[in-house]
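Throughout, read-outs are computed from the coordinates displayed, never taken from laboratory work. No experiment lies behind these values; they were computed from the predicted model shown. Don't worry about glycine lacking a Cβ; one is built from the backbone with ideal geometry, like all the others, and counts go over all protein chains shown.
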Amino acid sequence: MAARRRGAALRLCATVFLLDMAFSKGYVEDLDESFKENRKDDIWLVDFYAPWCGHCKKLEPIWNEVGLEMKSIGSPVKVGKMDATSYSSIASEFGVRGYPTIKLLKGDLAYNYRGPRTKDDIIEFAHRVSGALIRPLPSQQMFEHVQKRHRVFFVYIGGESPLKEKYIDAASELIVYTYFFSASEEVVPEYVTLKEMPAVLVFKDETYFVYDEYEDGDLSSWINRERFQNYLTMDGFLLYELGDTGKLVAIAVIDEKNTSVEHTRLKSIIQEVARDYRDQFHRDFQFGHMDGNDYINTLLMDELKVPTVVVLNTSNQQYFLLDRQIKNAEDMVQFINNVLDGTVDAQGGDSILQRLKRIVFDAKSTIVSIFKSSPLMGCFLFGLPLGVISIMCYGIYTADTDGGYIEERYEVSKSETESPEPVEESKEKQEPRSGDSLVPAVQEPKDVLEKKKD
């Protein structure tokens, strides 16, 4: 009886799940060639996929949840998906080069989504990009609300100016990553001090930084560098994004499951330096920690002992390892300063030798991972081709040897079967007659011969 109840409960859960999936799919439109002409009337969030793509299949249930959520909150953004293999010409017009590709289409503009493929992150991206490019902050209450909601955001303060035009241009390019606001000087909190107006500020880490054209250079590049919090929990995707900032990344590589003093101490030291020395290092450094050394080992093509600290230059794949024991924040600051002044030797890089080393390392890692995950599959993939090549080489070698032996045997048998008479005749032709002189006859000159004829 209990088994029947459990079976009935499982069937009910399965039915509810299937109904929920079908209900969610109803809010994601399947797009075809007509989409090209009709899309400009609305804002669209589109998933360009391929039916055979594994990542696309993994994204599908998340994408259905995105469609349901956007519909339930009354968002003006419509959610759709397009088979990029069936409508390749449309996909190529939007610059689709891989699968899945998520784009928000607003008028003539197309924005690429490059963040984590989670429901909340995708919805946040849709809200940010579909709204106004520069959002006004009319009151202090609104400013405080934005501060509580967003960890990092940029604000332009002042009236019309060339700096505002640059700010708008930067926002149109970087709206896919962060929020842009504008406000008057009266709206800004009292703790903010401005030396001159107009100004562009970034608010993050419970403080703010003011853009200085002389020290920070191009405004768009500065925004791209400052769009991250000063301290982050690192992963492979985040390190890839940090490569565009040009900053060095100081990482405490630890095992978060290990609660020993050494692991927690290094993490605390990195956090302390990021907090207490951010005015000194925020232009050049990003700080954080990473759980485990698997990704770092792959990146550095080396085996790092955990816990440790490594400084990465993600723009050129160089890295710096500790040359001293780190006991406190002062030791870490000294190490960072030595990295900046070139005292610590850089390793790695993107030279031709390093690229060849990367190819060999990746090939070795792939083979090892295949054998670890499935030894039988590894033997089949690598053993079968090697066996076939060995058989082919053996066949070629034996074929050459037999052919030479047969040819030699054929020449010998041919000489044996020939009759002796031609041989004797040839010998007679070669041997001089008894009456003939052994001295070869000398040819007479042409004029002597002509006289004899006369």
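Here are the numbers for this structure:
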{"item": "Segments 233-244, 76-87 sorted - mean Cβ within 10 Å per residue, highest first", "result": "76-87, 233-244"}
{"item": "Linear extension gain, Gln147 paired with Ser315, 0.36 nm per residue minus alpha-carbon span", "result": "57.4 nm"}
{"item": "Two-site label geometry, Asp235 and Glu160: point separation in nm, points 7 Å out along Cα→Cβ", "result": "4.6"}
{"item": "Semi-axis lengths (Å, descending) of the ellipsoid that matches the C-alpha gyration tensor of the range 230-350", "result": "18, 17, 14"}
{"item": "Prolate/oblate/rounded call for the range 132-227, Cα gyration tensor, a/c under 1.5 rounded", "result": "rounded"}
{"item": "Where labels lie 7 Å past Cα in the beta-carbon direction, separation of Ala363 and Leu376 in nm", "result": "2.8"}
{"item": "Cross-link pairs beyond the 19 Å C-alpha cut-off, checked among Lys267/Lys305; Lys40/Lys103; Lys58/Lys257; Lys164/Lys204", "result": "Lys58/Lys257; Lys164/Lys204"}
{"item": "Cβ charges +1 (Lys, Arg) and -1 (Asp, Glu), total dipole of the range 78-211, debye", "result": "620"}
{"item": "With 10 Å bins from 0: P(r) over the range 22-114, alpha-carbon pairs, percent", "result": "16, 54, 28, 1"}
{"item": "Extended-chain gain in nm, criterion 0.36 nm per residue less alpha-carbon gap, Asp41 and Ser72", "result": "9.1 nm"}
{"item": "Dipole magnitude of the range 230-350, debye to nearest 20 (Cβ charges: Lys/Arg +1, Asp/Glu -1, about Cα centre)", "result": "280"}
{"item": "Point-to-point label distance, Ser139-Asp83, nm (Cα→Cβ direction, 7 Å offset)", "result": "5.3"}
